[in-house]
Amino acid sequence: VDYAHARAWVVDPNAATVYALDPSTLAPLFSVGGLPGAWDVAVDRATGDAWVTVRGQGEVVRLAAADGRVLERCGGLDDPIEVRLDPGQ
């Protein structure tokens, strides 16, 4: 949950979709489909962007906090299960 940017990120591996929800009401704000094997999500505290492991494609994908568009893909991974971000200082 990212209260600073008013997003709760949820991954549904069966639907190959990541959802951004309003943390107060749990109403969907938007969804990002086409991520087969999406498994884990971590949120960048500074930007609110979500980093998602996509096991089916062997990559980690960064999604924009504002609208869910794909900002980056890091591929060539064997089977990424989880992602964690360093909160820095």
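The values are calculated or read from the model by the stated rules, or taken from the named source; none is laboratory data. Computed from a predicted structure; not experimentally measured. Positions of Cβ are backbone-derived with ideal geometry, glycine not excepted, and every protein chain shown enters the neighbour counts. Calculation scope for accessible area: heavy atoms of the full protein, side chains included, ligands and nucleic acids excluded. Shrake-Rupley method; radii C 1.70, N 1.55, O 1.52, S 1.80 Å.
Observations, loosely collected:
- The chain, accessible surface, carbon-and-sulfur percent (1.4 angstrom probe): 50
- Taking Lys and Arg as +1 and Asp and Glu as -1, the other residues whose beta-carbon sits under 13 Å from that of Thr53 total -1.
- Approximating the spin labels as points 7 Å out from Cα along Cα→Cβ, the Ala4-to-Arg73 distance works out to 2.9 nm.
- Point-charge dipole on Cβ atoms (K/R +1, D/E -1) for the chain, about Cα centre, debye to 20: 140
- Low-density loop cleavage sites - trypsin sites (Lys or Arg not before Pro) in the chain, where at most 15 other Cβ are within 10 Å (DSSP): Arg45, Arg69, Arg84
- Taking every protein chain into account, the accessible area of the chain amounts to 58 square angstrom per residue (probe 1.4 Å).
- Most mobile listed residue (Val54, Val32, Val43) in the chain, GNM with C-alpha springs under 10 Å: Val32
- Top of Gly76, Gly33, Gly68 by mean-square fluctuation, Gaussian network on the chain, Cα under 10 Å: Gly76
- Rg/Rg_globular for the chain, with Rg_globular taken as 2.2 N^0.38 Å and Rg from C-alpha atoms: 1.01
- Relative contact order of the chain, pairs being alpha-carbon contacts under 8 Å that are 6 or more residues apart, as %: 21
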